[in-house]
Structure formats: C-alpha cells, structure tokens
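The values are calculated or read from the model by the stated rules, or taken from the named source; none is laboratory data. Small disclaimer: the values here were computed from a predicted structure and weren't measured. No Cβ is skipped: glycine too gets one built from the backbone with ideal geometry, and neighbour counts run over all protein chains shown.
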Amino acid sequence: MGINRRKISVIGAGFTGATTALMTAQKELGDVVLVDVPDMEDPTKGKALDMLEATPVEGSDVNVTGTSNYEDTAGSDVVVITAGIARKPGMSRDDLVNTNANIMKSVTRQVTAHSPECCIIVLTNPADAMTYTVYKESGFPKNRVIGQSGVLDTARFQTFVSQELGISVEDIQGFVLGGHGDDMVPLIRYSNAGGVPLTKLLSQERIDAIVERTRKGGGEIVGLLGSGSAYYAPAASLTKMVEAIVKDKKRVLPSIAYLEGEYGESDLYLGVPTIIGGNGIEQIIELDLTEEERASLSKSVASVRSVMEALPEE
Ligand SMILES: NC(=O)c1ccc[n+]([C@@H]2O[C@H](COP(=O)([O-])OP(=O)(O)OC[C@H]3O[C@@H](n4cnc5c(N)ncnc54)[C@H](O)[C@@H]3O)[C@@H](O)[C@H]2O)c1
Ligand SMILES: O=C(O)C[C@H](O)C(=O)O
C-alpha cells in the first residue's frame, strides 16, 4: 500500500527556504522537496539530507529531498516560493522588484507545469507585488495564490506587546493590515490581551512606539544581521500557513490576497484578514475601518501600487 502523504515544495533553499523546510518537516506536515538553482544543487541536497537525518530524532515520518529539477516537485499540494534576493542594510524591499519579478516568472512557469493543482504561498519581496506577479504568471484562481506578510508582521506586534506588558504571547491578539512595507497598518482597535483592549493596558505613547517598531521590524533585523534579512520568524509564519492549508484548518490569518472590490480596491494583492483552509484563501474578511484607519490603509495601498508600476513589462 502506498503512503498518501502531503507534498510540500519549497523553492529557494536559502535562509528562509531551508528553515521553512525544516519546520515543515518537524511538524510532520508532509514530504518536503527543497529546490534551488542548478549551481546550488549539491548544497541543496546536502541541506535536505541533513534535515532528513534529524527526522529520527524528531520522530517525524516524512521524506526530505533536495533538487534543482522541477520534475521532483510534481504533484505538490503546496509550493512555497522564497527564491530571490534579500535586501541589504540601507535598501528598501522595493529595491528588489526587478530582479525578483523575473525570478518569480521563471519559477512560476516551472511550478505550475508540474503542480497544476497546488496552492502557492509567496514570500519573496516586495511581497505584495511578487504575489501579484506569480498570480498573473500562473493563471491560477486567486484563492490558490497567497502572499505571506501579515502572520509575520502580526507576530512582531504580538512579541513587542507581550514584552511590554509581561503577558504571554499566547494571549496577545493583533491584526496588521496593508502592504508589507513601512506603511503597514497595525489595527489597535482589533488588538487585545486576553480580550482586554490594548488601549486599557497601554498608554497611547507606548502603543505608538510599538506600532512604529512593528512597521520597521524587518529593517531592525536587517540592520542587526548586517547581511541578509530575517528568516526564523518568516519561516515560522510560512509553516503556520502551510499547516492551515494541508490540515484544512480554516484559520483566520492575515495574508496577501487578491482584492476585487474588498476594501475599495481592485486588481491588487494586499495584506488583509483571510480564512485559510484546504482551498487556500477561502474568504476575505472585510473589517469596518475608522476614517483614520482608512487613511492609513490608503497610504499603504499607494506604496504598493507605486511598486507595481515598477514591475517589468509583460
Ligand atoms: N514576505 C516576508 O515577510 C519576507 C520575510 C523574509 C524574507 N523575505 C524575502 O524572501 C526572499 C528570500 O529571503 P532569504 O533570506 O531566504 O534569502 P537567501 O538569499 O538566503 O535565499 C534565497 C535563495 O533563492 C535562491 N534562488 C535565486 N534564484 C532562484 C531561482 N530562479 N530558482 C530557485 N532558487 C533561486 C538562491 O540561490 C538562494 O538560495 C527575499 O526576497 C526576502 O526579502 C520576505
Ligand atoms: O525586511 C526584509 O527585508 C525581510 C522581510 O520582509 C521582513 O519583514 O523581515
């Protein structure tokens, strides 16, 4: 009898891709195929074999393989795209747009040729524009192309609030709306600690400081690392999204979704609250926004649209 395990391919075996592959295998979410360019085939195989040799220690019955051949990804249930370049100190995520858009197109063509039914999760920056690029190139329905930003941005917000209040991270709820850039919109009205509104627990000054640190959270890590960008929290965020899909969990998670009128926007991929399950993005949740929140969101939308104008021509 054959084993009917889920298959998850991770494209890009760099810091985030390799960490995502490891976390996915540790959680026994399915067999993992790690893919990088032909020049990196041996190191990719080596990383995958090293992860596989950790499975007996973890008690995780999954296979992990490394390759540069997309035939090995055939029939994937979920494909996570982390391929591309990361920013260096002094750069913005948007400076990566041209190089990474071209990588997205070639990766997407190979992914879709071998896994026409998969859900794709895009991490590569600038994430909103890269998710749009993958959507257009794939020809997939919008629910099966999802971008990652909100789980990570919200996790940063939760971390800072938890540290400030000395309360478990498990009890902090937050929601970050908008593009994955410095104009993202942490929604304080929808944030709480164990149901208690944050405005009851923190001064406006402290809330403002946490919002600002969250917005610049990626840059803070880039500055500290000196080369490359964050990967542990991004990989944990991707793993949570993969889990929601392969276990059909119907999780309410913020993700980069294709908007067709929601939040007053169309033909745009943007971070919004969504329900994620076996069919990918199964619903977009529209929150009522105050005038001030709407203005912050409009600013974030304008930033994302200006990056999209810099996308290379079809
Ligand atoms: N959306 C987010 O929240 C978020 C978070 C973290 C990182 N990122 C982005 O994810 C990307 C990857 O980050 P990283 O830290 O893992 O970078 P990294 O440099 O460690 O890894 C990138 C990998 O992609 C590979 N690659 C390049 N072109 C490829 C191709 N055509 N096919 C297959 N593989 C290819 C490289 O060989 C490298 O191994 C960056 O663009 C980064 O900005 C986004
Ligand atoms: O900041 C970056 O360049 C990487 C990523 O988008 C992050 O938020 O950590």
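Within region 69-92, does at least one residue satisfy the condition of being in a loop (DSSP other than H, G, I, E, B) and in contact with a His (Cβ under 7 Å, 6 or more places away or on another chain)? Yes, region 69-92 contains a residue that is in a loop (DSSP other than H, G, I, E, B) and in contact with a His (Cβ under 7 Å, 6 or more places away or on another chain).
Are any of the residues in region 115-122 under 18 Å from Val242 (Cα atoms) and within 16 Å of ligand 2 (Cβ to nearest atom)?
First pass over region 115-122, keeping only residues under 18 Å from Val242 (Cα atoms): 115-122.
Subsequent filtering for residues that are within 16 Å of ligand 2 (Cβ to nearest atom) retains 121-122.
Yes: one or more hits.
May I ask you to say which residue of Ser237, Ser227 is within 16 Å of ligand 1 (Cβ to nearest atom), in contact (Cβ under 8 Å) with a residue 12 or more places away in the chain, farther than 20 Å from Leu297 by Cβ and not in a helix (DSSP H, G or I)?
Ser227
Could you tell me which of the residues Gln148, Gln173 is in contact with a strand residue (DSSP E or B) (Cβ under 7 Å, 6 or more places away or on another chain), surrounded by fewer than 20 Cβ atoms within 10 Å (Cβ to Cβ), at pLDDT 95 or above and under 24 Å from Ser296 (Cα atoms)? From the options Gln148, Gln173, the qualifying one is Gln173. Of the residues making up region 240-256, those that are in contact with a Ser or Thr (Cβ under 8 Å, 6 or more places away or on another chain) and either modelled with pLDDT under 95 or within 14 Å of ligand 1 (Cβ to nearest atom) (or both) are Met241, Leu253, Pro254, Ser255, Ile256. Here Tyr232 fulfils each of the conditions (1) within 12 Å of ligand 2 (Cβ to nearest atom); (2) closer than 17 Å to Ile81 by Cβ apart from (2). Looking across region 19-32, the residues that are of a type outside the set (S, T, N, Q), assigned to a helix (DSSP H, G or I) and surrounded by fewer than 24 Cβ atoms within 10 Å (Cβ to Cβ) come down to Leu22, Met23.
With respect to the conditions (1) within 19 Å of the chain's Cα centre (by Cα); (2) more than 17 Å from Gln148 (Cα to Cα); (3) assigned to a helix (DSSP H, G or I), Asp248 falls short on a single one, namely (3).
Let's see how each residue does on (1) hydrophobic (A, V, I, L, M, F, W, C); (2) touching a helix residue (DSSP H, G or I) at 6+ places or on another chain (Cβ under 6 Å):
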site: Ile210; (1), (2): yes, yes
site: Gly226; (1), (2): no, no
site: Glu260; (1), (2): no, no
site: Gly271; (1), (2): no, yes
site: Ile281; (1), (2): yes, yes
site: Glu291; (1), (2): no, no
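Only residues that are surrounded by fewer than 21 Cβ atoms within 10 Å (Cβ to Cβ) and either of a type in the set (D, E, K, R) or touching a residue at least 60 places away in the same chain (Cβ under 8 Å) (or both) were counted in region 192-221, giving 8.
Which helices (runs of 4 or more DSSP H) sit wholly inside region 106-224 and have at least 3 residues that are within 28 Å of Glu262 (Cβ to Cβ) and either within 15 Å of ligand 1 (Cβ to nearest atom) or not assigned by the TED database to the domain that holds Pro38 (or both)?
127-138, 150-165, 204-215
Applying the criterion of being assigned to a helix (DSSP H, G or I) and touching a residue at least 40 places away in the same chain (Cβ under 8 Å) to the residues of region 264-301, the residue that is nearest to Tyr135 (Cα to Cα) is Val301.
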